[in-house]
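Read the structure below first, then the notes.
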Amino acid sequence: MSQLRVRFAPSPTGYLHIGGARTALFNYLLARKEKGTFILRIEDTDVARSTQESTDAILQAMEWLGLSYDEGPFYQSERFDLYRAKVQQLLEQGKAYRCYCTAEELEARREAALKSGGKPKYDGTCRERRDQPAGVPFVVRFRSAQEGETCFHDRIKGPIVFNNEELDDLIIQRSDGTPIYNFVVVVDDAEMGITLVIRGDDHINNTPRQILLYQALGYAVPEFAHVPMILGADKTRLSKRHGATSVMAYEELGFLPEALVNYLARLGWSCGDEEIFSMADLIEKFTLDNVGKSAGVFNPEKLLWLNAHYIKTGDRQRLAALLQRHLVAKGIDTNNGPNLEAVVKTLQERARTLVEMADGAVFYYAKEIIADPEAVAKWCTAEARPGYEAVLSALTACNDFTHAGIESAFAGVMSATGLKLGKLAPAVRVTLTGSTASPSVYEVLETLGQERSLERLRNGLKLFAA
RNA sequence: GGUCCCUUCGUCUAGCGGUCUAGGACACCGGCCUUUCACGUCGGUAACAUGGGUUCGAUUCCCAUAGGGAUCACCA
């Protein structure tokens, strides 16, 4: 066990999105690699916006991705006593003060400042206020440093310096007594012994004020590593406009968790020319040194490619179980039909997602084949009928309905009729699958089995032009 | 607007002063394979934002400019 302690601290105001998942992944990978501790903390201090459903969704997504944590989940909503005590401590030490300005007043002043070209920061009205009017609601503000500079060495971005003049006295406790993010994140990271904070770089601007807070509270300041944002194709922050952003939406779309993990890891991190990484590979090879500094564009095409790779190389039994779920979702009963693993085998190389695989598997379980009219018109012609009938009788006579047996049945027909497979197979494919695109007819025949195949082939006779 | 971050093919990236006529991957285009669709395979198009420095020598270091992103809440 090393001293490294990292955490993922999502706010339960929605599902786990792609960006959050990558942050969680990086934390997880580093913790595992360094044999450190990975902590999960739910940041639900905003009671109005936090929901149990969101928390559940986040937990579920973490589990689906295989990101297990060592401690937690901790809920900030259960730690208000701690925060109140820390606020009190700051108040007593004169490092924080009560502010009686109302939200409306502040808003008005902000606008005025902006209009006159000034900075929209708190003007310090209550900074030196001594009286404590009874019955008047107040917030607690942190007395921030007004001069000097605050700097830190980011593990990804390098040295970053802020002029303290840019910082204002931020609110650390609302008028309803609940604490605010920038305050609790400091208290919790310190109290939980976090040694390295890995988070999105949208938090860079929060870092200096948090450092000041660590110091005011007498805590050691942890290290920081700010990972770049993930952008949409138009280079703006990834959002719903760009398609699915929820991790679990990808499961529904037929993606495998290892594909998403692999993709997310490679978005912003690299290891030479390698592209394919299992979770074990990532744990072995991940380092913050190879995380890039610039924001990356989410590329669904590449995710698709990785997913196709994992489907191609995946375990059939597992894929069969996953495929069944997608088939059932389409209202298809897989009980009266070919073995699912055999079906997976024929579709593995031609499906990029489980949804595509399910689409491609539908014909196997159809009670009746409804053939594409265009395909029928093109291949089920009077001219093709003799060959088709020859195949039908050869397959009827076949007593070894395996790939090899089927192949030799076709070979027999080909030598007897002089027709090439290109003349024989298409019509068979159409009556068997209803379409011109499918796995190899030998495979389809074998997978369907003799009984079902012959039934379809006989029914198919009706499709031929007279 | 202020502040902060970022800047190699369309996209993800390799590159950590000379090995760069810049490598890999996705996508795209073409050949091959082939019973369809795919897979596979071979090949191709395609990038160091711009301008100054530093240096014997810059894709690599520094500074500007431009562009992009983030952030400026009693959200996190």
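The values are calculated or read from the model by the stated rules, or taken from the named source; none is laboratory data. All values reported here derive from a predicted model rather than from experimental measurement. All Cβ positions, glycine included, derive from the backbone under ideal geometry; neighbour counts span all protein chains shown. Remember, those area values only see protein heavy atoms, side chains included, never the ligands or the DNA or RNA. Shrake-Rupley method; radii C 1.70, N 1.55, O 1.52, S 1.80 Å.
Calculate, in nm to one decimal, what A:K302 and A:H403 gain on full extension: separation in residues at 0.36 nm each, minus their alpha carbon distance. Mind showing how you got there, number by number?
Details: separation 101, 0.36 × 101 = 36.36 nm, distance 3.42 nm.
Difference between extended and current length: 32.9 nm.
Looking at the calculated P(r) for region A:230-289, what percent of the C-alpha pair distances fall above 14 Å?
Working: 1101 of 1770 pairs.
Of all Cα-Cα pairs in region A:230-289, 62 percent lie more than 14 Å apart.
So how compact is region A:315-365: Cα radius of gyration and Dmax in angstrom?
My reading of the Cα-based Rg and Dmax gives 9.3, 26 Å.
What's the angle, to the nearest 10 degrees (0 to 90), between helix A:421-433's Cα axis and the longest principal axis of chain A?
Compared with the principal axis, the helix lies near 60 degrees.
Taking the Cα atoms only, what angle lies between the long axis of helix A:300-313 and the longest principal axis of chain A, rounded to 10 degrees?
That works out to roughly 50 degrees.
I'd like to compare A:133-140, A:181-188: which one has the highest average count of other Cβ atoms within 10 Å, and what's the full order after that?
Details: A:133-140: 13.2, A:181-188: 22.2.
Packing order, densest peptide first, comes out as A:181-188, A:133-140.
For chain A, with equal point scatterers placed on the C-alpha atoms only and solvent neglected, what are the log10 I(q)/I(0) values from the Debye formula at q = 0.08, 0.11 1/Å, to two decimals?
The Cα Debye sum returns log10 ratios of -0.64, -0.93.
Let me know the charge dipole size of region A:238-362 about its Cα centre in debye, to the nearest 20, where only the beta-carbon of Lys, Arg (+1) and Asp, Glu (-1) is charged.
Working: 14 positive and 16 negative charges, 68 e Å.
I would put it at about 320 debye.
Averaged per residue, what accessible area in Å² does region A:315-365 show with a 1.4 Å probe, protein chains only? Don't jump to the answer; show the numbers that get you there.
Working: 2560 Å² over 51 residues.
Ligands and nucleic acids excluded, the result is 50 Å² per residue.
Just to confirm the number: angle between the C-alpha axis of helix A:385-397 and the first principal axis of chain A, 0 to 90 degrees, nearest 10?
With rounding to tens, the tilt is 90 degrees.
Using bins 5 angstrom wide from zero, how does P(r) for region A:373-463 break down, in % of all Cα pairs?
Each 5 Å bin holds this share of Cα pairs: 3, 16, 29, 29, 19, 5, 0.
Using a 1.4 Å probe on the protein heavy atoms, what percent of the accessible area of region A:40-155 belongs to carbon and sulfur? All intermediate terms of the calculation are to be shown ahead of the outcome.
On the way: 3360 of 6800 Å².
It is 49 percent, rounded to a whole number.
How far, in nm, would the chain grow between A:T236 and A:K121 when pulled straight, counting 0.36 nm per residue and subtracting the alpha carbon separation? If you can, show how the numbers build up before the last one.
On the way: separation 115, 0.36 × 115 = 41.40 nm, distance 2.66 nm.
Here the answer is 38.7 nm.
State the dimensionless ratio Rg/Rh of region A:79-227 (Rg: radius of gyration of Cα atoms; Rh: Kirkwood radius). Intermediate results must be reported in sequence, preceding the final value.
On the way: Rg = 15.9 Å, Rh = 16.3 Å.
Expressed as Rg/Rh, it is 0.97.
Rounded to the nearest 0.05, what FRET efficiency do A:R325 and A:S175 have when you use their Cβ-Cβ distance and R0 = 51 Å? Mind showing how you got there, number by number?
Values: r = 49 Å, r/R0 = 0.96.
FRET efficiency, A:R325 to A:S175: 0.55.
Going through region A:314-402, which GluC sites (Glu not before Pro) have at most 16 other Cβ atoms within 10 Å and a DSSP loop state?
Values: sites: A:E341, A:E349, A:E356, A:E368, A:E374, A:E383, A:E389; in loops: A:E368, A:E383.
Sparse-neighbourhood loop GluC sites (Glu not before Pro): A:E368, A:E383.
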